[in-house]
Amino acid sequence: MTPHFTSTIAGAPRIGARRELKFALEGFWSGALTGRDLSQTAKTLTNAYADQLAGAGLDSIPTSGRSYYDAMLDTTALLGVFPERFHDVADHDNDGLPTHIDRYFATARGTVEFPASAMTKWFDTNYHYLVPELSADTRFILDDSALLGDVQDQLTRGINARPVLIGPLTYLSLARSTDGSDPLDHLETLFEVYARLLAKLPTDWVQLDEPSLVTDLAPDLLQRVRAGYTRLAQRGGVFVNTFFGAGDQALRTLTGIGLGAIGVDLVSDGVTPLEAWTGEELLVAGIVDGRNIWRTDLCAALATLRRLQARGPVAVSTSCSLLHVPYSLTPETALNPEVREWLAFGEEKVAEVAALARALAGEVDETLFDAAAASLADRRHSVLTASRDASITDADRKRGPFEARLAAQEQALDLPPLPTTTIGSFPQTQQIRSARAKFRTGTITAQEYGDAMRAEVADVIARQEELGLDVLVHGEPERNDMVQYFAELLDGFLTTANGWVQSYGSRCVRPPILFGTVTRPTPMTVEWFAYAQSLTNRPVKGMLTGPVTMLAWSFVRDDQPLAVTADQVALALRDEVSDLVEAGAKVIQVDEPAIRELLPLRRADQAAYTEWAVGAFRLAIAGAPDEVQIHTHMCYSEFNELIRSIIDLDADVTTIEAARSDMQVLAALKSSGFHLGVGPGVWDIHSPRVPEPAEVAGLLTAALESVDPKRLWVNPDCGLKTRGWEETTASLKVLVAAAEQARSTLLQRA
Ligand code: GLN
Ligand code: ZN
């Protein structure tokens with residue numbers, strides 16, 4: 001039997017504590033760095049991180065080899081299944097990089113000729129992976145030399161390395177079919193391919209990640225998975241890890257077939273369902289939260305681990321890869337010192353794992369456990385987290401009936417049929433970004449920065465009037481990010497200096513930390529709105545980020561239900577809504593692009609989520625009088641399965657991404673009897689391409705077939721901040737012209 005390990009983490013971050021890999025990638029893409037530079041940076045980072053884990057006392061070190069973009073894409077490369085359209089991409093001699101690195105980056109980023117593979121959210125996290133494209137004809141051809149080389153390197157360096165791979169079930173479950181066949185038809189074949197690969201890996205342990213095992217799966221599929229892993233288990237030392245949900249289904253499926261270890265996420269789900277664990281395999285207990293930033297309650301964790309240990313062998317681990325949290329608290333010297341004591345980033349979590357493993361072996365570090373308990377007690381009793389008696393009633397979440405609102409709004413707004421609008425942001429030019437950078441570093445004063453932004457607003461208003469748009473926006477030049485902007489202005493949030501987390505490829509984000517009672521010390525957007533509205537007679541939208549999206553893109557407190565936190569954010573936004581109304585706003589948009597993201601992975605948990613998510617949104621907006629039109633906006637996902645909840649939001653108008661996904665949402669709008677105003681996007685803003693007039697007209701015609709013309713709005717898919725002015729102006733001209741054309745057709749018919 002393979003000797004057990006006692007302490008590890010589920011997976012390692014790749015981007016580097018100072019985002020070294022990001023800068024190396026961007027340098028390589030721009031031609032400033034060579035392949036050798038890039039591969040050397042990746043190697044240095046991988047080695048340094050492995051050394052750090054070993055130095056902290058972990059006795060099994062996860063390693064995925066050097067990764068240059070994404071682990072799903074690494075698997076695609078490993079299995080030799082890049083999309084066919086990239087097979088002709090020539091292999092340059094990129095000294096030190098894998099042979100097919102050009103295909104790899106083409107798949108991730110596209111070429112002049114072909115679009116990149118789709119990218120989508122990794123389960124319910126904010127990390128994005130590259131979606132594999134498979135067909136019935138796909139043949140897997142192992143290309144494992146890079147991986148084997150990197151693993152051998154670690155062993156040679158004296159690291160007790162444990163390769164981490166994405167498991168066959170998860171890889172295929174997340175793949176997209178290019179010919180209508182089911183990617184899971186390849187399951188048995190892929191298990192055979194993995195069997196060959198595993199046999200070549202020279203390590204004691206191999207980890208296969210199967211987060212798909214925490215989702216709803218049919219019994220016959222689970223049977224096939226069990227059969228496949230029975231085959232793989234013959235190698236010995238096979239560890240199947242699960243995360244992002246309860247491990248009961250995984251344990252029932254995988255126990256008793258000779259696996260060496262099974263990993264479960266004890267943070268998502270507590271310990272009750274572990275009945276299914278027989279004690280036969282090593283249980284890798286993911287008890288330190290891998291995706292949130294709070295210090296672990298070490299005493300409680302140790303008690304749980306001891307209970308488990310009474311039933312079988314246990315190793316201590318994180319609930320998921322540390323990819324999802326910042327590297328270290330060390331550089332965060334400017335954080336509120338009280339709150340800082342409550343936090344654990346990656347490095348601190350590794351120390352927690354090591355301390356728990358030592359304690360489980362009988363060596364409890366009293367000082368450390370006492371410190372954890374003290375910080376927990378402080379957090380619990382701090383005024384910063386004190387609950388505030390909100391006494392919210394159902395009436396606070398209700399507006400008047402839609403028909404009455406609509407009548408009042410028609411009077412107040414006097415809009416043409418098929419009104420045109422945009423989603424909020426206009427191009428964030430180099431000029432805007434450099435003004436912000438200068439303001440941050442103190443090169444320009446607040447007054448100068450404000451003047452520069454007001455000039456941008458004035459410019460954006462003039463351009464929209466010129467284009468003939470009906471409902472205008474101020475353009476959001478003052479916002480670095482739609483969540484961070486509000487997090488900086490609300491109490492109860494803090495932002496970090498260096499808390500970067502990989503979002504995809506070379507892109508990193510710094511999620512704010514929602515640590516305490518959320519309140520709004522002063523109005524946040526009213527001045528910008530009022531200035532913009534003062535420049536035009538057309539209505540300008542007040543523009544806010546909704547409570548669910550604020551939560552989804554932040555680290556949130558784990559000491560009270562999300563529903564309670566969401567209501568607190570909603571109450572702060574409600575005050576902002578009422579101040580905007582006071583300042584004369586006739587239209588207010590509350591964005592919820594992330595509402596789909598927090599949807600629980602298992603159907604059984606979904607209704608409870610939509611209830612509080614919808615409730616929080618309604619709490620934010622329901623203070624608005626009938627004549628004020630409330631808009632919301634959503635994107636980044638398919639919303640068909642959420643359409644009922646979108647209706648429940650009761651926004652007067654919902655603008656929704658549609659052009660990019662071929663207006664698939666229209667069928668759902670029609671069959672759900674969507675009775676509210678809706679603007680399915682008619683311009684896919686994700687590329688600089690200016691749409692042809694016929695394209696936009698076609699999308700609009702399709703929309704008119706599914707939506708009552710009296711309720712239909714004309715708008716792009718999403719905000720325009722990543723676009724340039726040239727394509728923005730040209731595309732909006734096309735959009736306005738299409739709306740005018742459709743209007744006159746409607747009038748002729750009437
Ligand atoms: N109002 C935001 C913008 O236009 C919405 C962004 C989003 O949907 N992600 O930028
Ligand atoms: Zn959007």
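The alpha-carbon atoms of region 112-187, seen along their principal axes, cover 47, 31, 31 angstrom, with the largest extent given first.
Note on region 174-273: Cα Rg divided by 2.2 N^0.38 Å, N the number of residues, gives 1.10. For the chain, the tally of Lys pairs with Cα-Cα distances below 25 Å comes to 24, considering only residues 8 or more apart or on different chains. The label-point distance for Ala377 and Asp459, in a model that sets each label 7 Å from Cα toward Cβ, rounds to 5.7 nm. Where in region 466-501 is the amide nitrogen less than 19 Å from a point lying 7 Å along the Cα-to-Cβ axis of Ala48? Only 497-501 fall inside the zone, counting backbone N under 19 Å. Remark on region 217-299: hydrodynamic radius 13.4 angstrom, per the Kirkwood mean of 1/r across alpha carbon pairs.
Going highest first, how would you order 371-377, 618-624 by mean Cβ packing within 10 Å? If you can, show how the numbers build up before the last one.
On the way: 371-377: 15.6, 618-624: 23.0.
My ranking of the peptides, most packed first, is 618-624, 371-377.
Global size of the chain: 26.7, 84 Å for Rg and Dmax (C-alpha atoms, Rg to one decimal, Dmax whole). Rounded to the nearest 0.05, the FRET efficiency derived from the C-beta distance between Thr111 and Gln234 at R0 = 41 Å is 0.45. For region 576-652, the per residue solvent-accessible surface stands at 34 Å², with DNA, RNA and ligands left out and a 1.4 Å probe. Backbone geometry of region 27-44 corresponds, through the Karplus equation with coefficients 6.51, -1.76 and 1.60 at θ = phi - 60°, to 3J(HN,Hα) couplings of x, 5, 4, 7, x, 6, 10, 8, x, 4, 4, 5, 5, 5, 4, 4, 5, 4 Hz, x marking Gly and Pro. Derived value for region 531-581: Kirkwood hydrodynamic radius 12.8 Å. Basis is the mean of 1/r over every pair of different alpha-carbon atoms.
Report the equivalent ellipsoid semi-axes for region 492-626 in whole Å, largest first, defined as the square roots of five times the eigenvalues of the gyration tensor built from alpha carbon atoms. Over the Cα atoms of region 492-626, the ellipsoid semi-axes are 27, 19, 15 Å.
Per residue, region 134-189 exposes 43 Å² of accessible surface when a 1.4 Å probe is rolled over the protein heavy atoms with every protein chain present. The calculated Kirkwood hydrodynamic radius for region 578-706 is 15.8 Å, given to one decimal from all distinct C-alpha pairs. In loop segments of region 73-153 as defined by DSSP, the trypsin sites (Lys or Arg not before Pro) with at most 13 further C-beta atoms inside 10 Å of their C-beta are Arg139.
Label point 7 Å out from Thr215 along Cα-to-Cβ: which residues of region 163-206 have amide N under 16 Å? Under 16 Å, as judged by backbone N against the label point of Thr215, lie 166-178, 182-187 of region 163-206.
Report, to the nearest 10°, how far helix 219-233 tilts away from the longest principal axis of the Cα atoms in the chain, using its own Cα long axis and a range of 0 to 90°. Once rounded, the angle reads 40 degrees.
Model label sites at Arg340 and Leu142, defined 7 Å from Cα along the beta-carbon direction, differ in position by 5.0 nm. For the chain, carbon and sulfur atoms together expose 51% of the accessible surface, with a 1.4 angstrom probe and every protein chain in place. Relative contact order, whole percent, for region 518-610 stands at 40, derived from Cα pairs under 8 Å and 6 or more residues apart.
For Arg507 and Asp179, the difference between the fully extended length at 0.36 nm per residue and the C-alpha to C-alpha distance is 115.0 nm.
Ordered from highest to lowest accessible area with the whole protein assembly present and a 1.4 Å probe, Glu188, Glu84 read as Glu84, Glu188. Near Asp650: Cβ cut-off under 15 Å, other residues only, Lys/Arg at +1 and Asp/Glu at -1. The net charge is 0.
Tell me the net charge near Ile423. Cut-off is 10 Å between Cβ atoms, Ile423 excluded, with +1 for each Lys or Arg and -1 for each Asp or Glu.
In short, -2.
Each residue, Arg307 and Glu20, gets one label point 7 Å from its Cα in the Cβ direction; the gap between the two is 4.2 nm.
The spacing between region 201-240 and region 385-440, judged by their C-alpha centroids, is 47 Å.
The values are calculated or read from the model by the stated rules, or taken from the named source; none is laboratory data. Computed from a predicted model, the values in this text were never measured in an experiment. We place every Cβ from the backbone using ideal geometry, glycine too, and count neighbours over all the protein chains shown. The protein model used for the area step is the full one, side chains on, heavy atoms only, and it has no ligands, DNA or RNA in it. Shrake-Rupley method; radii C 1.70, N 1.55, O 1.52, S 1.80 Å.
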